[in-house]
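Just below is one structure, and these are the notes that go with it.
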Amino acid sequence: MYGKLHSACLHGIDGVIIQVEVDLANGLPQTAIIGLPDSSIRESVERVRAAIKNCGYTYPLKRVTVNLAPADLRKEGSSFDLAIAVGILLTSEQWAFANAERILIIGELALDGTLRPVTGVLPMVEQAQKEGYAGVLLPRENAAEAVLIGGIEVYGLGHLNELVPNPPAGTTIRNDAAGESAGTVSLSHLLYDRSMNASQSQEGSHQGRQLEDYRDVIGQQHIKRALTIAAAGMHNILLIGPPGTGKTMLMKRLPTILPPLADQEALTTTKIFSAAGKLKSSDGLMKRRPFRSPHHTISAGGLIGGGTIPKPGEVSLAHKGILFLDELPEFSRHVLEVLRQPLEDREVTISRARAVFTFPAHFMLACSMNPCPCGYYGSDHPHQRCTCSVSRIAQYRAKISGPLMDRIDLQVDVPRPKEWPGSTPPLSSEHMRDQVYAAQAIQLKRYDGLPFSWNSELFGSFLRKHARLDKESAELLQATIDTLGLSMRAYDRILKLARTIADLEASDGIQSRHVAEAIQYRQLDRQYIATEETQRL
């Protein structure tokens, strides 16, 4: 006897439809799962066997073969439990399920037949919708996440016995001796109400509002200006200053001035969080840009993603948002170096023996650091003087390589605040956000129809076209490049930064003052180059 159903698994952050084929044959009772399953899938034999028996059905005393096709794709996770159980019950004729091949079946089984939620539901359901499936049957806890994809019915299941209404308690549905017909699977009573999900999503959005505001930061007006520029063009930024100057406080409020995610951005970002098992389904599609702040002990695999079957790392979880690295030199140099490729390509490629996985990683890199190990180099405080030697400072800063520093558009010194509460009205997030929104509107209009929407994404001929300089500005920039010894990458990044500064002023062309302001945010390059030369000596 043979039966076939459809389930799904993850390949990177994308869903892949898997055929679950079940064959019952005469022979010694045993169950084999084939098709490159991992250990959690092989263990599903015992979960399915116990669930079927504890729900009052009979596990076939035959040779049971379960094939997960395509067989050359490695599969992992517990999302096949429900499909395997239903397949066995259908193939053994204990159940009848009309149009079963048009329903995607996902879910993990407990030993008593209860359904447990699984990760990665959103990309799986999206793929099922693309391939024309009529509906998806999955654990009730995952239903709110699944309905984020339109055009497909969602059926939420809490227990295996709910599929056949009113089954005889403690007995099998099928009885060959009495000639009774098999129990018929019904899904209509399991249909998830989408309006309920909409109300929960709206409630969650109200609860998720951030309480932080730049109004809480006293003074530091020039730092807020730099952060506004960074947010307006999604430029990478580094804050350098002594302890207690507000670097972390300033960075953590950066999401409050960023525009919300566009629809496609929201879907992609939500898929990443779903694949990583970090999605709160009650909040609906993510609209706020993610803010990720990993600890400095993170490994390279944790940062860019990894594993036997790779999962998204922090750079992917920060997609279309902010990756904040606090105390940058405390991170391993090897870990920092792996950032160079995603900063340029805006995606991460991880190769394994059987497959190559690509994860999106388009993020704004926000960093903070002390100027030296003790933290007080350059401090003007009379009682807090730097005690570090020149060689120790050079060693400390050498943890950040020149190529990585080259990819940071704004390198801003954060001195001790000179203002105190009540001296001047603080600049609020609302005021900064209005400037960012206005600059973004200009960029969206300018880049309409192009494969990017931020100034930081400009490249090649697009950069030359949209960031064209007049003679005075070009001479100023060229003189700076020669004086500071900056790379051509730094040249391009200054152009992009000047374009953003001009957009904040609603200026069509880039003026020399815009270039001058963009250049002054690269002044730390000279200090960094001097530090490297000192270390070599």
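Return a yes/no flag: does region 115-135 have any residue that is within 23 Å of ASP23 (Cα to Cα) and either of a type in the set (Asp, Glu) or in contact with a strand residue (DSSP E or B) (Cβ under 9 Å, 6 or more places away or on another chain) (or both).
Narrowing region 115-135 to residues within 23 Å of ASP23 (Cα to Cα): none.
The answer is no, given that none of the residues of region 115-135 is within 23 Å of ASP23 (Cα to Cα) and either of a type in the set (Asp, Glu) or in contact with a strand residue (DSSP E or B) (Cβ under 9 Å, 6 or more places away or on another chain) (or both).
Which one is modelled with the lowest pLDDT among residues in region 507-522 that are surrounded by 14 or more Cβ atoms within 10 Å (Cβ to Cβ) and not in a helix (DSSP H, G or I)?
Among those that are surrounded by 14 or more Cβ atoms within 10 Å (Cβ to Cβ) and not in a helix (DSSP H, G or I), it is ARG522.
Between a first residue in region 136-148 that is assigned by TED's automatic domain parsing to the domain that holds THR119 and among the polar types (S, T, N, Q) and a second residue that is surrounded by fewer than 24 Cβ atoms within 10 Å (Cβ to Cβ) and outside any strand (DSSP E or B), which pairs have beta carbons less than 6 Å apart while being 6 or more apart in sequence or on different chains?
Sorted first by the residue in region 136-148, then by its partner, the pairs are ASN142/PRO117.
From the list SER39, SER78, which residue is touching an Asp or Glu at 6+ places or on another chain (Cβ under 9 Å), over 30 Å from LEU267 (Cβ atoms) and at pLDDT below 95?
Values: SER78 fails: over 30 Å from LEU267 (Cβ atoms).
Every option except SER39 fails the conditions.
I need a count of the residues in region 324-362 that are part of a helix (DSSP H, G or I), surrounded by 16 or more Cβ atoms within 10 Å (Cβ to Cβ) and without any contact (Cβ under 8 Å) to a residue 60 or more places away in the chain. Walk me through it before giving the result.
The initial filter retains those residues of region 324-362 that are part of a helix (DSSP H, G or I), namely 328-330, 333-337, 340-345.
Still in the list and also surrounded by 16 or more Cβ atoms within 10 Å (Cβ to Cβ): 328-329, 335-336, 342-343.
Next, only the ones that are without any contact (Cβ under 8 Å) to a residue 60 or more places away in the chain stay: 335, 342.
Total satisfying the criteria: 2.
Check off (1) surrounded by 20 or more Cβ atoms within 10 Å (Cβ to Cβ); (2) at pLDDT below 95 for ASP14 and give me the number that stays unchecked.
(1)
Out of region 117-140, which residues are surrounded by fewer than 24 Cβ atoms within 10 Å (Cβ to Cβ), touching a Gly at 6+ places or on another chain (Cβ under 7 Å) and either part of a loop (DSSP other than H, G, I, E, B) or of a type in the set (Lys, Arg) (or both)?
THR119, ARG140
Here are some conditions: (1) of a type in the set (A, V, I, L, M, F, W, C); (2) assigned to a loop (DSSP other than H, G, I, E, B); (3) at pLDDT 90 or above. PHE273 meets all but one. Which one does it not meet?
PHE273 satisfies all of (1) of a type in the set (A, V, I, L, M, F, W, C); (2) assigned to a loop (DSSP other than H, G, I, E, B); (3) at pLDDT 90 or above except (2).
Quick grid of which residues meet (1) in a loop (DSSP other than H, G, I, E, B); (2) closer than 25 Å to ARG493 by Cβ; (3) touching an Asp or Glu at 6+ places or on another chain (Cβ under 8 Å); (4) not assigned by TED's automatic domain parsing to the domain that holds ALA502:
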position: LYS418; (1), (2), (3), (4): yes, no, no, no
position: PRO426; (1), (2), (3), (4): yes, no, yes, no
position: ARG433; (1), (2), (3), (4): no, yes, no, no
position: LEU463; (1), (2), (3), (4): no, yes, yes, no
position: ALA474; (1), (2), (3), (4): no, yes, no, no
position: ASP482; (1), (2), (3), (4): no, yes, no, no
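Going by what's in this entry, would THR500 be described as in a helix (DSSP H, G or I), closer than 21 Å to THR256 by Cβ and β-branched (Val, Ile, Thr)? Spell out how you get there, then give the answer.
On the way: in a helix (DSSP H, G or I): yes; closer than 21 Å to THR256 by Cβ: yes; β-branched (Val, Ile, Thr): yes.
For THR500, the condition - in a helix (DSSP H, G or I), closer than 21 Å to THR256 by Cβ and β-branched (Val, Ile, Thr) - is met.
Based on what the data block shows, is SER199 out of contact with any Asp or Glu (no Cβ under 6 Å at 6 or more places or on another chain) and modelled with pLDDT under 75?
Working: out of contact with any Asp or Glu (no Cβ under 6 Å at 6 or more places or on another chain): yes; modelled with pLDDT under 75: yes.
Considered against the rule, which asks whether it is out of contact with any Asp or Glu (no Cβ under 6 Å at 6 or more places or on another chain) and modelled with pLDDT under 75, SER199 comes out as yes.
Here's the yes/no breakdown for (1) closer than 26 Å to MET249 by Cα; (2) without any contact (Cβ under 8 Å) to a residue 60 or more places away in the chain:
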| site | (1), (2) |
| --- | --- |
| LYS399 | yes, no |
| GLY402 | no, no |
| GLN440 | yes, no |
| LYS445 | no, yes |
| ALA467 | no, yes |
| GLN478 | no, yes |
| ILE481 | no, yes |
| ALA490 | no, no |
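Report, by residue number, each residue of region 309-321 that is out of contact with any Leu (no Cβ under 9 Å at 6 or more places or on another chain), part of a loop (DSSP other than H, G, I, E, B) and either touching a residue at least 60 places away in the same chain (Cβ under 8 Å) or of a type in the set (Lys, Arg) (or both). Talk me through it step by step, then tell me what you get.
Taking region 309-321 as the starting set, the residues that turn out to be out of contact with any Leu (no Cβ under 9 Å at 6 or more places or on another chain) are 310, 312, 316, 319.
With part of a loop (DSSP other than H, G, I, E, B) added as a condition, the list becomes 310, 319.
Scanning region 309-321 gives a single hit, PRO310.
Being touching a Leu at 6+ places or on another chain (Cβ under 9 Å), more than 17 Å from TYR437 (Cα to Cα) and aromatic (Phe, Trp, Tyr) is the filter here, so list the residues in region 449-466 that pass it.
PHE462
Cβ-Cβ below 7 Å, separation at least six or inter-chain, first residue in region 102-116 and assigned by TED's automatic domain parsing to the domain that holds GLY77, second in a loop (DSSP other than H, G, I, E, B) and hydroxyl-bearing (Ser, Thr, Tyr): which pairs?
ARG102/TYR133; ILE103/TYR133; LEU104/TYR133; ILE106/SER79; GLY107/SER79; GLU108/SER78; GLU108/SER79
Only residues that are part of a strand (DSSP E or B) and under 34 Å from the mean Cα position of the chain (by Cα): list them for region 61-109, please. Let's see the steps before the verdict.
First pass over region 61-109, keeping only residues part of a strand (DSSP E or B): 63-69, 75, 95-96, 103-105, 108-109.
VAL66, ASN67, LEU68, ALA69, LYS75, ILE103, LEU104, ILE105, GLU108, LEU109 - these are the residues of region 61-109 that are part of a strand (DSSP E or B) and under 34 Å from the mean Cα position of the chain (by Cα).
Residue check, LEU497 against (1) touching a Phe, Trp or Tyr at 6+ places or on another chain (Cβ under 8 Å); (2) at pLDDT below 95, all met but one. Which one?
It is condition (2) that LEU497 fails.
Taking the condition of being out of contact with any Pro (no Cβ under 7 Å at 6 or more places or on another chain) and buried (at least 20 other Cβ atoms within 10 Å of the Cβ), how many residues in region 215-227 meet it?
Within region 215-227, the subset out of contact with any Pro (no Cβ under 7 Å at 6 or more places or on another chain) is 216, 221-227.
Subset that is buried (at least 20 other Cβ atoms within 10 Å of the Cβ): 223-224, 226-227.
Result for region 215-227: 4.
Which is in contact (Cβ under 8 Å) with a residue 40 or more places away in the chain and closer than 25 Å to ILE501 by Cβ, of ILE272, ILE304, ILE223?
Working: ILE272 fails: closer than 25 Å to ILE501 by Cβ; ILE304 fails: closer than 25 Å to ILE501 by Cβ.
Among ILE272, ILE304, ILE223, only ILE223 is in contact (Cβ under 8 Å) with a residue 40 or more places away in the chain and closer than 25 Å to ILE501 by Cβ.
May I ask you to say which residue of ALA479, ALA490 is at pLDDT below 95 and surrounded by 15 or more Cβ atoms within 10 Å (Cβ to Cβ)? Explain how you work it out, then say what you get.
On the way: ALA479 fails: surrounded by 15 or more Cβ atoms within 10 Å (Cβ to Cβ).
Just one listed residue meets the conditions, ALA490.
Return yes when ALA96 is out of contact with any Gly (no Cβ under 8 Å at 6 or more places or on another chain), closer than 26 Å to LEU190 by Cβ and not assigned by TED's automatic domain parsing to the domain that holds ARG352 and no when it is not. Walk me through it before giving the result.
Numbers: out of contact with any Gly (no Cβ under 8 Å at 6 or more places or on another chain): no; closer than 26 Å to LEU190 by Cβ: yes; not assigned by TED's automatic domain parsing to the domain that holds ARG352: yes.
No.
Any idea which residue in region 231-250 is modelled with the highest pLDDT, counting only those that are out of contact with any helix residue (DSSP H, G or I) (no Cβ under 8 Å at 6 or more places or on another chain) and buried (at least 22 other Cβ atoms within 10 Å of the Cβ)?
Looking at the filtered set, the residue picked out is LYS247.
Six or more apart or on different chains, Cβ atoms under 6 Å: show the pairs whose first residue is in region 502-524 and of a type in the set (Phe, Trp, Tyr) and whose second is outside any helix (DSSP H, G or I).
TYR521/LEU410
The values are calculated or read from the model by the stated rules, or taken from the named source; none is laboratory data. Every value quoted in this text rests on a predicted model; they were computed, and no experiment measured them. In this analysis, Cβ positions are derived from the backbone assuming ideal geometry, glycine residues included, and neighbour counts consider all displayed protein chains.
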